[in-house]
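The values are calculated or read from the model by the stated rules, or taken from the named source; none is laboratory data. In this text the structure is predicted, and so the values were computed from the model without any measurement. Positions of Cβ are generated from backbone atoms using ideal geometry, with glycine treated the same way; all protein chains shown enter the neighbour counts.
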Amino acid sequence: MNSTDRRWLFTVTILAGSFLLFLVQPMVARMALPRLGGAPNVWNSAMLVYQALLLAGYGYAHAIGRFAIRRQVLIHLGVLLLAALTLPISLAQIAPPTPGTEAWWVPWLFLLTVGPAFFAVSAQAPLVQRWYAAHPAAGNPYPLYAASNLGSFAGLLAYPLLLEPALPISSQSWLWTAGYGLLVLLVGTLALARAKPVEPVAEIASAPADTDASIGTDQTPGWRTIASWLALSAVPSGLMLSTTTFLTTDIMAMPLLWVIPLGLYLLSFSIAFSDRRCIASFLILIAPIVLLIDGGISMYTAGRADLVAGFASLVLLFVIAVALHARMYETRPPPSGLTRFYFVMSAGGVVGGLFAALLAPVLFDWSWEHPLLILAAAALVPLDYWKPMLSRRFGTDRARRLALYLALFAVFVGANWLWQQELTGGVQGLLQLVMFAGIVVLSVLLAARRWSFVVAALALLLALGGVNQINTSLTGQRERSYFGIYSAAPDEAGDMVLMHGTTVHGLQRSDPAQRLAPTTYYSEQSGIGLAMARAPAMFGTEARIGVVGVGVGTLACYRRPGQAWMFFEIDPLVLEFSERGTFTFLRDCAGGVPMVIGDARLALERAPGADFDLLAIDAFSSDAIPQHLLTQEALQIYLAAMAEDGVLLIHISNRFVDLRPVLARLAQEEGLVAALRDHQPEAAGSAIYPSAWVAMAREPARLDELTRGGDWEGLGEPKGAAWTDEYASILPHLMWRHFL
């Protein structure tokens, strides 16, 4: 059996390693949710750790390349066996973070939890390709990297669609450990396949290991080539994280949405590194058009939870990633430089991750990393199909330059006019689409030159909302923390509104007579409003009340003399809006009330039992309710922090997930009675918003006392298994009609 006959064995080993590598990523992030909450940056921090470990693994693969193949296999088997001592994977037990240190604490937690095993498996793809290419009869090893990314893609899909809905976390970890053992056996089998010594790759570079004439012969690439590889890998990596932030901010921080951008990112490698170039060539052809259309849409819809924009951002990520990775593939070195190539490519991924996950939240008050990465992509995306366009139509350089200047002017003016029509409610519908299409066509003509294409992309981004976003940043009305992007500004009626991402988190009226009146989801007719009104009668004048999630502090003005209140807030920045007087509910109604900064679940777990007569859970990350606050363990913590006759109120308003069956199942499991107040205000356009609040109590009589005459209803039938820290799946509860 010759080397070519054994290609299947190398392919299977690469597929298995990559499958495990990307199966463990969402698994560990899901494992960590009860300790980290639902902020989108949790996943971005995890991705940064994974990229750093991948870089370390590729560096290790490159470092041992100087040894004979048989020694490389033995070394790697030893590394795999040492890493196996840390299995099965379980969350590292370290002290919780202090406020403001989450950006560094989260990566440290992931590093301690999965570092050794991830490092060992991450070296798999370049090492196996190198071992395959070592034989003189071997073919082109680079398509094996395409197989590697197919395995990665399969692992990512398998977790949210198969593994998470079927097994608890502990069982998932043991199953992954079994897969790791199988991988060790496969590597051992490869050792037998390469038992006969072969010459190191560097010494057989002239052998027919790769007959593709496009591959250069220079063994050591120059700094320009290396810089190009870094840039071409950094931009897709950063785009993947900025796209993830958009999706998880407006729906829910969950593995299903984490893996979509990462899955498309990995799939782009499979297409870009494939021997068959048809799909890659087509995507390179349309990449400039997609960049202009979807980049413009992303800016045009900024600040709105628009699912069309979400889909467009995914298309943009995929097409641009394929185009840039394909351009990188075209400059790949011969097999002797394979591990260096992957090491540099991995370093570029880390650079993109550092920018999007760590630097951007510190440097920017908004998600400026996304349009900046779109511009970087415009500077890198292949334009070979489009450059000859103007040359054929304009004979002289002067005519071409004049045409470019006029086209740039028309693009900016047209796009800005379209944006103004959006603001004033002017041109809408089909005419709006026709105008946008015309602007894009004109912009594509500018792809005849690199500088004009980049300027055209910049003009589109600025005119379609970028100028407006810059003005917002300059006014200082918007701030960013690890947990999200907040903006506080007056609306058309002059009322001050706090936005978290694309969701209103509170509003205070400008009219002095109504300044302290409850608004948005907390009106007197909402579930929480009815509960607060009845608290004195139910619990006496000295009722003990806890509120998880401050927002703008609206609930504080339900406080009555003699009552003992306590607020819990995970993000210090949210509290600053009240401390500086942007919102005055806390100052005017709850001066001196204790404020606990940090994750409320952990804080309540440490608090003495039977403290609260009424506990309100109102914690949101934009429109997403952190999943770890809706598990059976979380509910048990809430109950332990409440009096026996206390009442629990949970805010479940959400556009994409129906949480009623989830809470119905939790109430059933814990022997609680529950009711829902789904408040739909009559006055459209008022400061009172629709809201859904669930009340739970141990005693039916206590719940009856709260809900009597208040238009409450049952939660309906439970659906699915109870959510726990070990097991939770939102697939059965998605409201698919709202995604259309």
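Remarks
- Residue within the range 334-351 that is of a type in the set (A, V, I, L, M), more than 20 Å from Pro126 (Cβ to Cβ), modelled with pLDDT of 90 or more and in the same structural domain as Tyr50 (by TED's automatic domain parsing) present: no
- Residues in the range 636-653 that are farther than 17 Å from Leu703 by Cα and in contact (Cβ under 8 Å) with a residue 60 or more places away in the chain were compared, and the one that is farthest from the chain's Cα centre (by Cα) is Ala641.
- Tabulated pairs, the range 172-196, first outside the structural domain of Ala84 (by TED's automatic domain parsing), second modelled with pLDDT under 95, C-beta under 9 angstrom, 6+ apart or interchain: none
- The numbered conditions (1) under 31 Å from the mean Cα position of the chain (by Cα); (2) assigned to a helix (DSSP H, G or I); (3) of a type in the set (D, E, K, R); (4) modelled with pLDDT of 85 or more are all true for Arg737 except (4).
So that you can scan it fast, the table gives a plain yes or no per residue for (1) surrounded by 18 or more Cβ atoms within 10 Å (Cβ to Cβ); (2) closer than 25 Å to Leu190 by Cβ; (3) of a type outside the set (Phe, Trp, Tyr):
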site	(1), (2), (3)
Leu55	yes, yes, yes
Arg66	no, yes, yes
Arg71	no, yes, yes
Val106	yes, no, yes
Leu112	no, no, yes
Ala117	yes, yes, yes
Ala146	yes, yes, yes
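- Lone qualifier among Glu717, Glu726 - being part of a loop (DSSP other than H, G, I, E, B), out of contact with any helix residue (DSSP H, G or I) (no Cβ under 6 Å at 6 or more places or on another chain) and among the acidic types (Asp, Glu): Glu717
- Of the candidates Arg559, Arg515, the single residue that is more than 21 Å from Ala619 (Cβ to Cβ), touching a strand residue (DSSP E or B) at 6+ places or on another chain (Cβ under 8 Å) and touching a residue at least 12 places away in the same chain (Cβ under 8 Å) is Arg515.
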